[in-house]
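Structure first, commentary second.
The values are calculated or read from the model by the stated rules, or taken from the named source; none is laboratory data. The structure presented is a predicted model; accordingly, all values stated were derived computationally and were not measured. Every residue, glycine among them, receives a Cβ derived from its backbone with ideal geometry; neighbour counts consider all protein chains shown. Side chains included, ligands, DNA and RNA excluded: accessible areas come from the protein's heavy atoms. Shrake-Rupley method; radii C 1.70, N 1.55, O 1.52, S 1.80 Å.
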Protein chains: 2
Amino acid sequence: MARATIKTIAQKAELSVGTVSRALKDCSSVKDKTKQRVRQIAEEIGYVRNLDGLRLRTGRTYSVAVVMTTPTTGSHEWEGVEYTNILNGIMGSLRGTMYRAAIYPVDDFDSSFQEIRNIVEQRLADGIIISGTRPDDARISYMLEKDFPFVTYGMSEHFTPYSYVDANSQEMSQKATTRLIQLGHTNIVSINPPDELMYSKQRQRGYIRALQDAGIEVQAEFIATGPLTPEFGKATVKALYNNDKKPTAYICANEASALGVLSAFYELGIKFGKDAIVNATDDINVSAYFTPPITTYFLPIEETSKALGEFIIRRIEGEPAQDLQRMVMPQLIERQDDRLKP
Amino acid sequence: MARATIKTIAQKAELSVGTVSRALKDCSSVKDKTKQRVRQIAEEIGYVRNLDGLRLRTGRTYSVAVVMTTPTTGSHEWEGVEYTNILNGIMGSLRGTMYRAAIYPVDDFDSSFQEIRNIVEQRLADGIIISGTRPDDARISYMLEKDFPFVTYGMSEHFTPYSYVDANSQEMSQKATTRLIQLGHTNIVSINPPDELMYSKQRQRGYIRALQDAGIEVQAEFIATGPLTPEFGKATVKALYNNDKKPTAYICANEASALGVLSAFYELGIKFGKDAIVNATDDINVSAYFTPPITTYFLPIEETSKALGEFIIRRIEGEPAQDLQRMVMPQLIERQDDRLKP
DNA sequence: TCCTAAAATACAAACGTTTCAATTATTGCT
DNA sequence: AGCAATAATTGAAACGTTTGTATTTTAGGA
């Protein structure tokens, strides 16, 4: 049997398609009794709106583009970010609405920009979610200029208000550093994402501020930036192994790089808790099972990703961007006391 | 400026829309010279086909549904499967074709079935990719019956040929077990996914066969099944800690559960390499950074996921299912010698 | 009862595409 | 030249919606 359309309902209800259309969308110009009858029939024959017809007519796409930078294919390195969780969160908040998510995996900034241009010009989506933001992010400027609805995961330094969801990286980084200083550490290494990313900058700022507040001199070589893989974490430890000032603590931006740090400890014979310790931020509860478990700052990834979906819809529906901003504060999970013991 | 449509081209080329449409799709009934002219113009004004019109007219959706069972939301447990990689692979092979992937995250078998029914009945996609297959998988029966194109990640026990991509779990499990037996282990624990999944069955079969071949009695309590999280791996070790026969080796179905096993070792004071060792299958190169690194079987996840995308398209285009089957054999990566040393 | 205003519905066009049937242009042959 | 056969193109309808405008129905006075 063919799929039920508005026309099917119209025939059954002896109404015109126009009225049925209006009835279904609760238009005030149609009588309550009629609405009821139409809904009744629609229910009975299991009618669902055909999106293609709708799109064609309205010019809207009812889809949200999620432009995500995904790990370089072929690298085989775990980047620790749980895209699944993010996608789940976004799709979760889209459920029940008319919107669908369309994923656009890209592998660097330029191709993400290109993809965004494409989406905007071809009207491939009604709104865009992006991540991997930069302090001066050309994609944001572009979408602002085109007045195209978007939400970012992470912030930038634009003046014009825009909608974002982010973890408070700077404060978290500062707190984490201060905590370690208070526990007696002075040679603290900060492992960060690539330099051009906004949250790398924020993390570095927080780190530096904490050191300055404590009157500790900042060592340039203690600020590492690179892809947040185990490989990079490991390489960082090795690179500093023969440094005159020996690091006694590492604060990693995610669990993947922290795993690499532990791996380096193991390989180099650095004793955890005696020679050095590791912390991580952006915990997604993997490090609870590390050997040993490490202290982290938990990222409520469900909350942030749900907000992404919610915000983009509200943005599309016209809510002002400045009302759609969320900053979450990750929570400390102390799995070690993180003092050095003899 | 409004978006360029077929009509725009028709006007510029002084042709009817019908001819333009045919010209663009390389129909034999239109003159070569005309085709060229049309293409030229299309190129110039940056025409791209409007999918909604196409869909509405043809009734095809040009989208592939990816119905994936995702980790239970709220569980906060790492399941180790890199959905990102799978998605990337699928989307990679869709790139350049007219097809788009639409993700349907579901959280259990029933809802995945429901979602599939929906997709088939409402013709929400032209083809479906599913995972988490069972020996007697009702979803597969359903799609076979409806003659709806699909590809599975993992196998079932259906007679009718269908398109699948899978790792050779049984052989891998058997080989892994045999290898450990040859290295002197007799009390080997097999950590598997939930019992109802096909690949759990395959793994158990391989494990049992290896033991039988070696004349070793199978201990029921050495076959564990459950969610492949670190938590489960850890719990399994703990549950067997006071067993009369002490396990000396664990073969985990993925790296996440292996991480849990190592975590239990650490907590219980079980010395790796002296008291027991751990192996894992479905390696996605995280365990190289474990403490210590462990022996695994590497899963070429790019290859499998690329095949998924490729197969579903070819299936949609009408290729017979029996030509679209791929079984990959994971490769041993020896990161330990895995003998017990005093 | 009739008229007017308001309420409810019907009609028809449009979105961009494909495709069937009909028409026109071209070619080859006598 | 003329004719048939074929090649190339056109016209129009259709897919399922929404929506502006026209039309009909209803209700409320006088």
Environment charge at B:Gly46 (Cβ cut-off 14 Å; Lys +1, Arg +1, Asp -1, Glu -1): +3
If one takes the longest principal axis of the Cα atoms in chain A, at what angle in degrees, from 0 to 90 and to the nearest 10, does the Cα axis of helix A:169-182 lie? 30
FRET efficiency for B:Lys274 and A:Asn243 from the Cβ-Cβ distance with R0 = 25 Å, rounded to 0.05, comes out at 0.15
What residues from the range B:148-172 fall in the zone where the backbone N is under 18 Å from a label point 7 Å along the Cα-to-C-beta line of A:Arg3? B:148-150
Chain B: relative contact order as a whole-number percent, Cα under 8 Å and 6+ apart: 17
Per the 1.4 Å probe, what fraction of the accessible area of chain B, in percent, lies on carbon and sulfur atoms? 48
Work from the charge dipole of the protein assembly as shown (Cβ charges, +1 for Lys and Arg, -1 for Asp and Glu, about the Cα centre) and give the residue of A:Pro300, B:Phe148, B:Val261 farthest towards its positive end. B:Phe148
When the Debye formula is applied to the Cα atoms of the range B:6-49, each taken as the same point scatterer, what base-10 log of I(q)/I(0) results at q = 0.25 Å⁻¹? -0.78
From the phi angles alone, apply the Karplus equation (6.51, -1.76, 1.60; θ = phi - 60°) to the range A:252-260 and give each ³J(HN,Hα) in whole Hz, x where the residue is Gly or Pro. 9, 6, 8, 6, 4, 5, 5, 4, x
Give me the inter-chain shielding for B:49-56: mean count of other chain Cβ atoms within 10 Å, whole number please. 5
Using unit Cβ charges (K, R positive; D, E negative) and no other charged atoms, how large, in debye to the nearest 20, is the dipole of the range A:287-342 about its Cα centre? 240
Angle between chain A longest axis and helix A:109-121 axis [Cα atoms, degrees, rounded to 10]: 10
Chains A and B, summed buried accessible surface - 1.4 Å probe, Å², nearest 100: 4200
Cut-off 15 Å between beta-carbons: net charge of the residues surrounding A:Asp137, Lys and Arg +1, Asp and Glu -1: -4
Using amide H atoms built 1.01 Å from N in the peptide plane, name the residues 5+ places from B:Val151, or on other chains, whose amide H lies under 5 Å from its own. B:Ile128, B:Ile129, B:Ile130
Debye, to nearest 20: dipole size of the range A:6-49, +1 on Lys, Arg Cβ, -1 on Asp, Glu Cβ: 100
Run through the other copies and list how far each one's label point is from that of B:Asp275, in nm with one decimal, shortest first; the point sits 7 Å from Cα along Cα-Cβ. 2.4
Output wanted: per-residue J couplings in Hz (rounded whole) for the range B:136-147, from phi through Karplus 6.51 cos²θ - 1.76 cosθ + 1.60, θ = phi - 60°, x for Gly and Pro. 10, 8, 5, 5, 5, 4, 4, 5, 4, 4, 7, 6
Rounded if a/c is under 1.5, else prolate if a/b is larger than b/c, else oblate: which is the range B:214-279, with a ≥ b ≥ c the root eigenvalues of its Cα gyration tensor? oblate
Find the Rg to Rh ratio for the protein assembly as shown, where Rh is the Kirkwood radius over alpha-carbon pairs and Rg uses the same atoms. 1.01
Using a cut-off of 13 Å between alpha-carbon atoms, which aspartates and glutamates can reach B:Lys238, once sequence neighbours fewer than 8 places away in the same chain are excluded? B:Glu221, B:Glu267
Test item: Cα-centred dipole of the range A:169-300, Lys/Arg +1 and Asp/Glu -1 on Cβ, debye: 260
In units of 2.2 N^0.38 Å, what is the alpha-carbon radius of gyration of the range A:135-215? 1.33
Inter-part gap, Cα centre of the range A:121-148 to Cα centre of the range A:200-256, in whole angstrom, is 32
Assuming R0 = 45 Å, can you tell me the calculated FRET efficiency for the pair A:Gln11 and B:Glu221, based on Cβ-Cβ distance, to the nearest 0.05? 0.10
Suppose the Debye formula is applied to equal point scatterers at every Cα of chain A; what is log10 I(q)/I(0) at q = 0.14 Å⁻¹? -1.07
Search the structure for amide H atoms under 5 Å from the amide H of A:Thr281, placed 1.01 Å from N in the peptide plane, and list their residues when 5 or more places away or on another chain. A:Cys252, A:Ala253, A:Asn254, A:Tyr297
For chain A, which longest stretch is free of loop sites, where a loop site is one of the chymotrypsin sites (Phe, Trp or Tyr not before Pro) that DSSP puts outside H, G, I, E and B and that has at most 13 other Cβ atoms within 10 Å? A:1-158
Along the Cα→Cβ direction, 7 angstrom out, place labels at B:Ala138 and A:Gln212. What is the inter-label distance in nm? 6.4
Tell me the distances, shortest first, between B:Ser111 and the same position across the other copies, using label points 7 Å along Cα→Cβ, in nm to one decimal. 3.1
For the protein assembly as shown, what is the mean residue ellipticity at 222 nm derived from helices alone (per DSSP H run of n ≥ 4: -39500 (n - 2.57); sum divided by total residues; nearest 500 deg cm²/dmol)? -12500 deg cm²/dmol
For the charge dipole of the protein assembly as shown, defined by +1 on Lys and Arg C-beta atoms and -1 on Asp and Glu C-beta atoms about the Cα centroid, which residue among B:Thr248, B:Gly226, A:Thr160 has the Cα displaced farthest towards the positive pole? A:Thr160
Strictly over 24 Å apart at the Cα level, which of A:Lys245/A:Lys271; B:Lys201/B:Lys271; A:Lys175/A:Lys246; A:Lys341/B:Lys341; A:Lys7/A:Lys33; A:Lys274/B:Lys341 would you flag in this model? B:Lys201/B:Lys271; A:Lys341/B:Lys341; A:Lys274/B:Lys341
Output for the range B:169-299 (equivalent-ellipsoid semi-axes, sqrt of 5λ from the C-alpha gyration tensor, Å, descending) is 19, 17, 14
